[in-house]
Amino acid sequence: MKLGITSNFCWFGPPVTALAQAIESLGFESMWMGEHPAIPVSAASAVRYGVPLPANYRHMPDPFVSLGAAAAVTNRIRFGTNICIVPQHDPINLAKQVATLDHICGGRLIFGYGTGWIEDEAEVFGYRFDKRLGRTLDMMRAIKVLWTEDGAGYSGEYVSFPPVHCNPKPLQRPHVPILVGSGNDKTDNTRVLRRVARTADGWVPSFLTPAMMCDQLAMLRDFCDEEGTDYNRLDISLIVPAISFGVGELPPWGAKAYDDLKPVNAMELIAEYEEAGVKRILVGLPDMEDNSAFKNLEDAAKGLGLA
């Protein structure tokens, strides 16, 4: 099982370079960052599945700049976005950013994307919230063109541009692995799974139990058969809070989110996820706000059998 680390790497916390080096030295396989480029003041009371908007969503650094810095001081770990909120970007600029980062990190990049859930963000970035999925999928089709063709144009419902040269192309071919970052234990993931089978290289949901993953991946396998996609090539990653493995502490906003959580033996839980078909676990640690982040990383590595 591959074990990665995900957290909110607050801009005012320890240097991302030092955290990346610690993650690598402790034996983790990968490091994952999300984003919220801007949080509208009007969204301060936003709630998702009964959980209030975490305060540190206001303090997320740019993931591409951060991961570029992290890549420069590491040699082995992979880097992922979980997730990039695609409709809040310009597709040409995003294609170039991601491809450039793939070169900087030597082909160690994984691109997880999503549509965003905070309604007030859409107005800030100039699109309709109820159209975010269509916009996102159109942008991803355009980005794939930019990553794989030179001198090509694109004409879609939300994105259009004439033939352009947009370089570099990603170091990985045909492009950076694309993971659909959507789905959890509180939603019907059927449409998401079909999207994975039809358009992506993998899936990165969150908070699903081994039994849930077993059921979801059986459905995904069926969709892959229908779409003519090789299920076995898919990157199946899952975000799981560290506290699920009996390591780490709950974030300050996590009591309600995880009030039914019962830690189990870490090695047994990892084995159950592996048997269900998960290939990578993204261990969710509390926000990286201060130097306690390093102890949290060390405790997680020890509790997960890496140290």
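Values in this text are rule-based calculations from the coordinates and carry no lab data. Given the structure is predicted, the values throughout are model-derived calculations rather than measurements. For neighbour counting, all protein chains shown are included, and Cβ atoms are generated from backbone atoms with ideal geometry for every residue, glycine included.
Rounded to the nearest 5, the antiparallel percentage of DSSP beta bridges internal to the chain is 15%.
For the range 4-10, the Karplus equation 6.51 cos²θ - 1.76 cosθ + 1.60, evaluated at θ = phi - 60°, returns couplings of x, 10, 10, 5, 8, 7, 4 Hz by residue, with Gly and Pro reported as x. Taking amide H atoms as placed 1.01 Å from N in the peptide plane, the amide H of Asp287 lies under 5 Å from those of Asn8, each 5 or more residues away in sequence or on another chain. Summed over qualifying helices (DSSP H, 4 residues or more, each -39500 (n - 2.57)) and divided by its residue number, the chain shows a 222 nm mean residue ellipticity of -11000 deg cm²/dmol. Can you give the local net charge around Arg108? Use residues other than it whose beta-carbon is closer than 12 angstrom to its beta-carbon, Lys and Arg +1, Asp and Glu -1. Within the 12 Å Cβ shell, the charges total -1.
Restricting the range 80-174 to trypsin sites (Lys or Arg not before Pro) that sit in a DSSP loop and have at most 13 other Cβ atoms within 10 Å of their own Cβ leaves Arg128. The chain has equivalent-ellipsoid semi-axes of 29, 22, 21 Å, by the square roots of 5 times the alpha carbon gyration tensor eigenvalues, sorted largest first.
For the set Lys131/Lys279; Lys186/Lys279; Lys279/Lys302; Lys2/Lys295; Lys96/Lys131, the pairs lying more than 26 angstrom apart at their alpha carbons are Lys131/Lys279.
Sequence-ordered 3J(HN,Hα) estimates for the range 40-48 from the Karplus curve with 6.51, -1.76 and 1.60 and θ = phi - 60° stand at x, 4, 5, 9, 4, 9, 4, 10, 10 Hz, glycine and proline given as x. Residues Val196, Val124, arranged from fewest to most other Cβ atoms within 10 angstrom of their Cβ, appear as Val124, Val196.
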